[in-house]
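Colleague: Sharing a structure here in structure tokens format.
FYI, it's all coordinate maths here, none of it is from the lab. Small disclaimer: the values here were computed from a predicted structure and weren't measured. Here the Cβ positions follow ideal geometry from the backbone for every residue, glycine too, while neighbour counts run over all protein chains shown.
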Amino acid sequence: MSGVTQGNAAKGAHRIAVIPGDGIGPEVTAEAVKVLRAVAPVMRRPVELQEFDWGAERWLRDGTTLPKGAMEELRDGYSAILFGALGDPRVPEQVHARDILLGLRFQLDLYINLRPVELLDERLTPLKGKRVSDIDMLVFRENTEGLYAGVGGNFKKGTADEIAINEDINTRKGVERILRAAFEAARGRRKKVCMSDKANALTYAHGLWQRTFAELKKEYADVEATHLYVDVAAMEMVRAPERFDVLVTSNMFGDILTDLGAAIVGGLGLAASGNIHPGRCSLFEPVHGSAPDIAGKGLANPLGAISSMAMMLEHIGEGAAAARVQAAVARVVTDGAVTRDLGGMLSTPACGDRVADAVGKAA
């Protein structure tokens, strides 16, 4: 029988780094760990958890964002990272959040930002007449290039003549691997993939996306491959979400479309994500942010963190345990055993308790 320990688990254990972070991060991460402990008995291998105090409090104490050697330690010694949230108004320009989260994404080469958009209950969607079966898509957002690569600068900063530039970086390698990941995922789902870009305006950068997509369509002839410009894709996600199975797009557009996706299934409190490099240590986090205004009040929705933990289980080869957790999340949503943002009355820990209890009772 498997189990969860703090440090030094049995040989062959899944080693998981836990970074609770700031604001509501520690609260929702605690509930994800609680559910992980509840599902541990059905897992194939035990889990060893190691918590790291990287966040605002650490930065305010000694100026540390990521300690020396941290990246190598995570890359070589851990199966995955369970991440809470970063962001604290006491930290100038959120330097710690940028160095830690973006540092992990880029230095661990986590090129897939994976965001499920799945409606768990019809009461949660603002879209009139849409059923649970109508909203079930998987969004692949390129996670290491594009406008978020940080290439650019300022000229004559602070003057009336200031010029500010951010470069949209797209490489053939980066574009092909995110498109290929989307095609592979579509083969395991409903065999439909839609690529979204703005090649009619960004002719060079997104022309590369168009050409690469056209080549891969031939290789994946069994997958129905379509294209929408990003403005049309946003409209269609609202008008006819049922047309989407797997959606793949660039870094910035994926950031925007996935928040829209969260809105049509109940809000950011439910939104889970994975920052993934297949076969390597990858990072899993809810996308709601640190929400310092509600930290410590027991109001935070833990379901996004719990679902992110389920994605982590899938990544490390514990698919049966992941399915059990996701079924438990769906059950508490259907039962209304949720926090106030979803119309319930439960506190953060009480909602986590209900998911853990549903996991334990699952067949």
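Colleague: For a quick check: sort Ser347, Ser196 by the number of other beta carbons within 10 angstrom, fewest at the front.
Modeller: Fewest to most other Cβ atoms nearby, the residues stand as Ser347, Ser196.
Colleague: Once you have the alpha carbon radius of gyration of segment 1-131, what is it after dividing by 2.2 N^0.38 Å, with N set to its residue count?
Modeller: Cα Rg divided by the expected 2.2 N^0.38 Å: 1.24.
Colleague: Expressed as a rounded percentage, what relative contact order does the chain have, with Cα pairs under 8 Å and six or more residues apart?
Modeller: Reported relative contact order: 23 percent.
Colleague: Are there trypsin sites (Lys or Arg not before Pro) in segment 28-62 that DSSP puts in a loop and that have at most 15 other Cβ atoms within 10 Å, and which ones? Could you put the intermediate results ahead of the total?
Modeller: Details: sites: Lys34, Arg37, Arg44, Arg58, Arg61; in loops: Arg44.
For trypsin sites (Lys or Arg not before Pro) across segment 28-62 that sit outside H, G, I, E and B with at most 15 neighbouring Cβ atoms in 10 Å, the list reads Arg44.
Colleague: Please identify every one of the GluC sites (Glu not before Pro) in segment 120-229 that sits in a loop by DSSP and has no more than 12 other beta carbons within 10 Å of its own beta carbon.
Modeller: Glu162
Colleague: Counting only DSSP beta bridges with both residues in the chain, tell me the antiparallel percent, nearest 5.
Modeller: Counting DSSP beta bridges with both partners in the chain, the antiparallel share is about 40 percent.
Colleague: Moving on. Can you sort Glu242, Glu118, Glu48 from fewest to most other Cβ atoms within 10 Å of each residue's own Cβ?
Modeller: Details: Glu242 14, Glu118 17, Glu48 20.
Exposure proxy ranking, most exposed first: Glu242, Glu118, Glu48.
Colleague: Would you tally the net charge around Gly23, using a Cβ to Cβ cut-off of less than 10 Å, leaving Gly23 out, and scoring K and R as +1, D and E as -1?
Modeller: -4
Colleague: Determine the sum of side-chain charges near Ala295: Lys and Arg each +1, Asp and Glu each -1, restricted to other residues whose C-beta is under 11 angstrom from that of Ala295. It would help to have the intermediate numbers written out before the result.
Modeller: Working: positive: Lys297; negative: Asp22, Glu27, Asp88, Asp293.
For residues surrounding Ala295, the net value is -3.
Colleague: Amide H of Leu247: which non-local residues (sequence gap of 5 or more, or other chain) have their own amide H closer than 5 Å, using H built in the peptide plane?
Modeller: Result for Leu247 returns Leu138, Val139, Phe140, Cys194.
Colleague: Rg and Dmax of segment 209-309, using alpha carbons, in Å: what are they?
Modeller: 16.5, 53
Colleague: Further question: So which residue, out of Leu346, Leu147, Leu36, gets the largest mean-square fluctuation from a GNM of the chain using Cα contacts under 10 Å as springs?
Modeller: Leu147
Colleague: Toward the positive end of the charge dipole of segment 52-92, about the Cα centre and with charges on Cβ (Lys, Arg +1; Asp, Glu -1), which of Gly55, Pro92, Gly77 goes farthest?
Modeller: Pro92
Colleague: Report, in deg cm²/dmol and to the nearest 500, the calculated mean residue ellipticity at 222 nm for the chain, where each DSSP H run with n ≥ 4 adds -39500 (n - 2.57) and the sum is divided by the residue count.
Modeller: Mean residue ellipticity at 222 nm (helix-derived): -11500 deg cm²/dmol.
Colleague: Tell me, Asp335, Asp357 in order of fewest to most beta-carbon neighbours within 10 Å?
Modeller: Final ranking by Cβ density, sparse to dense: Asp335, Asp357.
Colleague: What's the Kirkwood radius of segment 121-270 in Å, using all Cα pairs?
Modeller: On the way: mean 1/r = 0.0605 Å⁻¹.
Every distinct Cα pair counted, the radius reaches 16.5 Å.
Colleague: How many percent of DSSP beta bridges within segment 121-270 run antiparallel, rounded to 5? Spell out each step's value before the answer.
Modeller: Values: 5 of 19 bridges.
Of those bridges, close to 25 percent are antiparallel.
Colleague: Using a Gaussian network model on the chain with a 10 Å cutoff between Cα atoms, which of Lys128, Lys297, Lys156 fluctuates the most?
Modeller: It is Lys156.
Colleague: Based on alpha-carbon centroids, what's the gap between segment 75-121 and segment 204-241 in Å, whole number please?
Modeller: 26 Å
Colleague: Of Thr5, Ala323, Pro349, which is farthest along the charge dipole of the chain in the positive direction, counting Lys and Arg as +1 and Asp and Glu as -1 at C-beta?
Modeller: The Cα lying farthest towards the positive end belongs to Ala323.
Colleague: Can you grab the distance from the C-alpha centre of segment 298-363 to the C-alpha centre of segment 143-175, Å, no decimals?
Modeller: Each part's Cα centre sits 39 Å from the other's.
Colleague: Hey, with R₀ at 51 Å, roughly what FRET efficiency would Val95 and Arg239 work out to, going by the Cβ-Cβ distance, to 0.05?
Modeller: After rounding to 0.05, the efficiency reads 0.80.
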